[in-house]
Amino acid sequence: MFRHEEHKQSRYISISRNEHNISRKNISENALKVLYRLNKQGYEAYLVGGCIRDLLLGKIPKDFDITTNATPEQVQKTFRNCRLVGRRFRLAHIMFGKEIIEVATFRGEHSSQDEQSNVAKRSQTGMLLRDNVYGTIEQDALRRDFTMNALYYSVKDFTLRDYCGGIKDLQNGIIRLIGDPQIRYREDPVRMLRTIRFAAKLNMTIEQATAEPIKELAPLLKNIPAARLFDESLKLLQSGHGYKTYLLLKEYHLFEQLFPVIQRLFTGNNNSYLEKMIEQVLKNTDYRIDHNQRINPAFLFAAFFWYPIMEQTQLTCVESGLQFHDAFSMAINDILSEQCQIIAIPKRLTSIMGDIWRLQLRMKKREGKRAFAILEHPKFRAAYDLLEMRASIEKGELLDLAKWWDEFQHTSIEKRISMVNQLSKRNKRRAKH
Ligand code: ATP
Ligand code: MG
């Protein structure tokens, strides 16, 4: 596909404009503006990372990231619409309405002096707590995660620069960490999740040395802030390849680190209600993304934790003799507080999840005005979708209940009244017997 020209002085492979398929037509105009402006001010600037990888694969990039030799402060001086963000990793965000172009300064090697002066910092496990040492483009390439993510595109001459053999790996479908995998995973354990995410999303093979340390190092995810793991978990599960990602996360012992309250109820045979639910909700989510339908993380997580909550509720009822409803509320609190220590699911989502769960109980009681009130609930549709999934898993009476609600929501007001009346009659008959 490409003719490679080795650059003797700086050890990179240069691919000129007529030897690669990257066209300015497919690059965000705002990103181009930023590149041109930085170049005009005398700075080096490149498109880098996922956008180049995706363009080479013929995919549409999600966002366009830029790297430059200008410091964040110099970038800020060059653009009025610029905001500096991040502590661990300082970046400039250039805002164009809804689109944000991220501009990072070339990262460099850390020296022990840097680590003393606080621009860089490492924890006891080798994790980088701060990574703000600036360097050259060569050093920047070596600090990136995978070879396929260390490709740089310049609008000065439209060439592509490959410092780590990323083009070859991309052509062969190989995910390869740059450098020593043990050290790189210890520096940032989230890289283990990124390995899995890209393997699933790009349908690529994880190179052996990159795969090998993951199972052993998976517990290092405990050191990652819960807010960052929330963002990562959505990227893992809601990127259109959630089911495949989940299988890989399990295989590499990462799922148990992210979702211990779920993992400990797994049977290993994939035949429990819980295992079936996770499989189904992820497949549904993948399908919806593929068909451009809306998805909501609150629904996904509501499905994930439904059976752990039920299990905990039953256990509390037996052990403490509490009423079902009280035990249920306690279980919701317990499961959420344990899970949120690892993955910080924000309040706006947990409150929707609570609604979806409580509606599962309410949907059983339909007499009088109840069914009409439930139908008006803003989360009725999500609650019904969960009921339907539970029914298809548990079968039995739940199938009748789901069918009733299906009919009720889609029929006329007269028919609804008669459906509720029939229920009342049936209940009276039952009470007599
Ligand atoms: P996508 O945006 O499609 O999920 P991406 O590769 O662009 O994939 P980003 O999180 O946007 O992912 O990161 C942009 C680039 O920054 C990456 O391609 C990689 O070069 C670098 N990068 C991101 N996260 C890390 C990390 N944890 N360690 C090292 N380099 C990273
Ligand atoms: Mg990106």
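The values are calculated or read from the model by the stated rules, or taken from the named source; none is laboratory data. Fair warning: this is a prediction, and the values are worked out from it, not measured in the lab. Counting neighbours? That spans all protein chains shown, and the Cβs are built from the backbone with ideal geometry, glycine included. To get the accessible areas, we keep the full protein, side chains included, count just its heavy atoms, and leave off ligands, DNA and RNA. Shrake-Rupley method; radii C 1.70, N 1.55, O 1.52, S 1.80 Å.
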Using the Karplus curve 6.51 cos²θ - 1.76 cosθ + 1.60 with θ = phi - 60°, work out ³J(HN,Hα) for each residue of segment 51-60 in order, rounded to whole Hz, and write x for Gly and Pro. 5, 5, 4, 5, 4, 5, 8, x, 9, 8
Computed over segment 211-311, the Cα gyration tensor eigenvalues, each multiplied by 5 and square-rooted, give semi-axes in Å (largest first) of 21, 17, 14
Starting from the Cα gyration tensor of segment 19-121, multiply each eigenvalue by 5, take the square root, and state the resulting semi-axes largest first in whole Å. 26, 17, 13
Tell me the per residue accessible area of segment 101-173 using a 1.4 Å probe; a whole number in Å² is fine. 40
Net charge within 14 Å of Val75 by Cβ-Cβ distance, Lys/Arg positive one each and Asp/Glu negative one each, not counting Val75 itself? +3
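Starting from the residue with the highest accessible area, list Lys364, Lys250 in decreasing order, probe 1.4 Å. Numbers along the way, then the final one.
Working: Lys364 120, Lys250 50 Å².
Greatest to least solvent exposure: Lys364, Lys250.
Going by average Cβ density within 10 Å per residue, which order do the peptides 240-247, 213-220, 315-322 take, highest to lowest?
On the way: 240-247: 20.0, 213-220: 17.2, 315-322: 12.2.
Descending mean neighbour count gives 240-247, 213-220, 315-322.
Could you sort the peptides 416-429, 121-134 by per-residue average Cβ neighbour count (10 Å cutoff), highest mean leading?
Values: 416-429: 12.5, 121-134: 16.1.
Output ranking for 416-429, 121-134: 121-134, 416-429.
Rounded to whole Å and sorted largest first, what semi-axes of the equivalent ellipsoid does the C-alpha gyration tensor of segment 252-367 yield via the square root of 5 times each eigenvalue?
Values: eigenvalues 108, 69, 44 Å².
Calculated on Cα positions only, the semi-axes equal 23, 19, 15 Å.
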Would you mind checking the radius of gyration and Dmax of segment 13-61 based on alpha-carbon positions, in Å? 11.5, 32
What residues have an amide H closer than 5 Å to that of Arg88, excluding those fewer than 5 places away on the same chain, when H is modeled at 1.01 Å from N in the peptide plane? none
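Heavy-atom accessible area per residue, segment 176-275, 1.4 Å probe: how many Å²?
For segment 176-275, the solvent-accessible area averages 40 Å² per residue.
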Taking amide hydrogens as modeled 1.01 Å from N in the peptide plane, which residues meet the under 5 Å criterion relative to Arg122, leaving out close sequence neighbours? Leu129
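Please report the orientation-averaged projected area of the chain, defined via the convex hull of its C-alpha atoms, in nm².
Mean shadow area of the hull around the Cα atoms is 26.5 nm².
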Can you give the alpha-carbon Rg of segment 72-164 over 2.2 N^0.38 Å, where N counts its residues? 1.20
Enter the Cα centre distance for the pair segment 343-392 and segment 317-333, rounded to the nearest angstrom. 19
What does the charge count near Cys317 come to, summing +1 for each Lys or Arg and -1 for each Asp or Glu among other residues with Cβ under 15 Å from its Cβ? -4
Out of Gly49, Ala209, His410 - ranked by how far each Cα lies towards the positive end of the dipole of the chain, with unit charges on the beta-carbon of charged residues - the top one is His410
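Rounded to the nearest 5, what % of DSSP beta bridges with both residues in the chain are antiparallel?
The answer is about 85 percent antiparallel.
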Residues of type aspartates and glutamates that Lys201 reaches as a straight line, Cα spacing below 15 Å, ignoring anything fewer than 8 places off in the same chain: Asp54, Glu232, Asp286, Asp290
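At 1.4 Å probe size, with the rest of the protein present, what percent of the exposed accessible area of the chain is carbon and sulfur atoms?
After summing per-atom areas, the C and S share lands at 48 percent.
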How big is the charge dipole of segment 388-433 about its Cα centre, in debye rounded to the nearest 20, if each Lys and Arg gets +1 on its Cβ and each Asp and Glu gets -1 on its Cβ? 440
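So how do 226-236, 397-407 stack up, highest first, on mean other-Cβ count within 10 Å?
Values: 226-236: 16.7, 397-407: 14.8.
In decreasing order of mean packing, 226-236, 397-407 become 226-236, 397-407.
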Checking a compactness column here: for segment 190-261, what do you get for Rg(Cα) / (2.2 N^0.38 Å), N being the number of residues? 1.01
